[in-house]
Every structure is written in C-alpha cells, then in structure tokens.
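The values are calculated or read from the model by the stated rules, or taken from the named source; none is laboratory data. Computed from a predicted model, the values in this text were never measured in an experiment. In this analysis, Cβ positions are derived from the backbone assuming ideal geometry, glycine residues included, and neighbour counts consider all displayed protein chains. These accessible areas exclude ligands, DNA and RNA; they are computed on the full protein's heavy atoms, side chains included. Shrake-Rupley method; radii C 1.70, N 1.55, O 1.52, S 1.80 Å.
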Amino acid sequence: MSTPIFSPTGVDGVIASGNVPTWIIQEESIPTPLTKESTTIPLAAFNAATTVKADCHHDMGDVSFTRTATTRDRKRACETVTVTVKTGETIEGTVSAVYDQQQLADAAAIINAVYQAVPEGKTVYVAMAFGWDSHKPIDATTIVDVYRGTVQMRSKNTPVDGEDLKFTSTLATDLYIEDVEITGTAG
C-alpha cells in the first residue's frame, strides 16, 4: 500500500455531475450470473439491445443504494471487550427517472426507456462507473460498481410544479460488487 502524499492544500475531487454513467442491464444479458466473487462483467451486456444507459434520464441522487450491516455481538472468554461481528447485510436500492405516461404506447419513446427497463418483478443489474465521463464510450478500461436487485415496486412520484414527471422503482438488492472490470468485446 502506498503512503499518501500530504499537501498543505486540499485535493480536488472529480465533480459528480457528468461523471457517473449508470446502466440498467437485464438479467438475461449476462450469460453467467454474477456472484460476490465475480471480478468482471462482459462488455457485451452494456451493448445489449435491452440495456439502458440511464444517467441522462435521472437527476443526481435519483439512483441510490444503501448498505446496512447485520451484526451480532461476540465476547470470547479470551477477549476483554465485546466485539461486533458482521453477519450479513441488507442492501436497499431505488431508481428514479423521468417518464411520460402519454408516451407509454410508443415503444420508441426514449423518455420511458428506464421506466420500461425496471418493471415490477424483474431482476436487473445496475452498473455505475464513478468518475467516468458520461459522454465517453464505455470500454475495457472502465471500472464499475454493480448491484443486482429485483424490482419490488414501481410507482409514479407526486407531481411537483415546475419539475419533471418521474417514477421511482424500489429494488430488493441481493448483490453488490465493487471495482468490477469490463471484459470481452462489444458483442
């Protein structure tokens, strides 16, 4: 592990807006289901006809996942303090994006692409490339975090004057893998 270089001034980070491309990948686009041991995801899944690049359909914060550890206390006879041990975790996810109910019949209506990608009961993978330019094509040098979840509910948000019409899907998430490499060819 390297030693961080300390500077008398702060380190500039990457601005989030424009640098968090997000994809909704259908379960059937990944030939071998990912597991917690997976370290790669096929590039072909990102280019599948059913995959939606969602970041232009939602605002910052509209796609979010929360991981909460499930723990128990342990105190062995040799330990003088009680230790909290992680036994599992719960991952909750939401995907909100724009929609137009009047365009639902039009399969080519791009405004509803995310809405159609996350129907109730569907299992999807959500891949996010933190720090990757959203306008740059994805390739084998891109690193992503991947969540897998089943859409539990999808509902329209209450309209607010002056804001876009949106919907929110809640995902029961059973997998999180960080720093996953993209491999293979575009398909």
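Values for this structure:
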item	result
Estimated Rh, region 1-106: Kirkwood, alpha-carbon pairs, angstrom	19.0 Å
Summed residue charge, Cβ within 12 Å of GLU92's Cβ, Lys/Arg positive, Asp/Glu negative	-1
Length-normalised contact order of region 64-123 in % [C-alpha pairs under 8 Å, at least 6 apart]	28 percent
Where trypsin sites (Lys or Arg not before Pro) in DSSP loops with at most 10 other Cβ within 10 Å are excluded, longest remaining stretch of the chain	77-187
Carbon plus sulfur fraction of accessible area for region 1-101, probe 1.4 Å, in percent	54 percent
Within a Gaussian network of the chain (alpha carbon springs, distance under 10 Å), most fluctuating of GLY88, GLY18, GLY162	GLY162
The chain - mean residue ellipticity at 222 nm from DSSP helices (-39,500 (n - 2.57) per run, n ≥ 4, rounded to 500)	-1000 deg cm²/dmol
Local electrostatic count, PRO159, Cβ distance below 13 Å [Lys/Arg +1, Asp/Glu -1]	-2
Ratio of Rg to Rh over the chain (Cα coordinates, Kirkwood Rh, two decimals)	1.05
FRET efficiency for GLN116 and ALA69, using Cβ-Cβ distance with R0 set to 30 Å, rounded to 0.05	0.30
Among VAL14, VAL114, VAL85: highest mean-square fluctuation, GNM of the chain, C-alpha pairs under 10 Å	VAL85
The chain: most fluctuating residue of ASP161, ASP100, ASP12 per GNM, C-alpha cutoff 10 Å	ASP12
Accessible solvent surface per residue of the chain, calculated while the other protein chains remain in place, 1.4 angstrom probe, Å²	61 Å²
Estimated dipole of region 1-130 in Debye, rounded to 20 [Cβ of Lys and Arg +1, of Asp and Glu -1, Cα centre]	720 debye
Signed unit charges on C-beta, dipole axis of the chain, positive-most listed residue PRO119, CYS56, THR90	THR90
For region 77-182, projected area of the alpha-carbon convex hull averaged over all directions, nm²	11.7 nm²
In region 1-103, GluC sites (Glu not before Pro) in a DSSP loop with at most 10 other beta-carbon atoms within 10 Å	GLU37, GLU79
Rounded Å value of the spacing that divides the Cα centres of region 139-187 and region 22-54	11 Å
